[in-house]
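Down below is the structure, laid out as structure tokens.
All of the numbers you see were taken from the coordinates with simple rules; none came from a lab. Here the structure is a predicted model, which is why all the values come from computation and not from measurement. Here the Cβ positions follow ideal geometry from the backbone for every residue, glycine too, while neighbour counts run over all protein chains shown.
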């Protein structure tokens, strides 16, 4: 499908109320497989690759990757598929976009599942976050995706997946090695390093009435502070903390993740998710 001149790769499975899955930096649409298999029994599941992630287009201009362009891409998917509203499930980078989708397109969002969000938002580590994103962008261009993947997959918030499910970890690493080095570098420079802190939107989030489920691993240190801040700030949010959990809870604990999301969606659809 076309999103403002950029072709996005989209996969659909199942029928029913729509769920759109928005992936994280080190993943792509394939990392939602356990969720699509589960939810497509009763929902219309839509997973897409962000710009910069083949087979989606890889624009050459870094300015075409930034916030709020990635938010507009979610809206483009919703409209291209003729949906009136959709549940949106986002992880990390995708969760940041999903939150802002709720702010910018509230008429299109039925609910939001926000997992592993908040890296780089606290004021105390903004400078370090930007420097890390820029360094990783250079590494992708100089060393290529296979080399960088070996390092990116073994950070302190990723080792939980390796410990819990080595097979799932190897699949995650295999996919990460395949990513476009140019797309990853431009995403890191144009989106990750330049996106505003979530705390800059305190007033907007305080007025967001859409039902929200926040999810975080209790060992995902870069995200815990901001996730708890979001729980205090968002008026219609619940919070699930996954024990011994790292950054990619949907891969580490797919059964528990799916159960929590399924209960949340059911509560929303039956009018039982209250402030």
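Yes/no per residue for (1) outside any loop (DSSP other than H, G, I, E, B); (2) farther than 16 Å from residue 51 by Cα; (3) in contact with a strand residue (DSSP E or B) (Cβ under 6 Å, 6 or more places away or on another chain); (4) free of Cβ contacts under 8 Å to residues at least 12 places away in the same chain:
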residue: 150; (1), (2), (3), (4): yes, yes, no, no
residue: 154; (1), (2), (3), (4): no, yes, no, yes
residue: 160; (1), (2), (3), (4): yes, yes, no, no
residue: 163; (1), (2), (3), (4): yes, yes, no, yes
residue: 167; (1), (2), (3), (4): yes, yes, no, yes
residue: 186; (1), (2), (3), (4): yes, no, no, no
inquiry  = Pairs please, first residue from region 223-246 and at positive phi and in contact (Cβ under 8 Å) with a residue 12 or more places away in the chain, second anywhere and surrounded by 15 or more Cβ atoms within 10 Å (Cβ to Cβ) and assigned to a loop (DSSP other than H, G, I, E, B), Cβ atoms under 8 Å, 6+ apart in sequence or on different chains.
reply    = 244/219
request  = Evaluate the following for residue 118: is it in contact (Cβ under 8 Å) with a residue 24 or more places away in the chain, surrounded by 24 or more Cβ atoms within 10 Å (Cβ to Cβ), within 29 Å of residue 134 (Cβ to Cβ) and under 12 Å from the mean Cα position of the chain (by Cα)?
outcome  = yes
task = Scan region 126-143 and give yes if some residue there is farther than 25 Å from residue 234 by Cα and under 18 Å from the mean Cα position of the chain (by Cα), otherwise no.
result = yes
ask   = Considering region 200-218 alone, what residues qualify as being surrounded by fewer than 17 Cβ atoms within 10 Å (Cβ to Cβ) and either in contact with a strand residue (DSSP E or B) (Cβ under 9 Å, 6 or more places away or on another chain) or farther than 16 Å from residue 98 by Cβ (or both)?
value = 200, 202, 203, 206, 207, 218
note = residue 91 vs (1) without any contact (Cβ under 8 Å) to a residue 40 or more places away in the chain; (2) in contact with a helix residue (DSSP H, G or I) (Cβ under 7 Å, 6 or more places away or on another chain): all pass except (1)
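With respect to residue 257, is the statement that it is touching a strand residue (DSSP E or B) at 6+ places or on another chain (Cβ under 8 Å) and under 28 Å from residue 54 (Cβ atoms) true?
It is true that residue 257 is touching a strand residue (DSSP E or B) at 6+ places or on another chain (Cβ under 8 Å) and under 28 Å from residue 54 (Cβ atoms).
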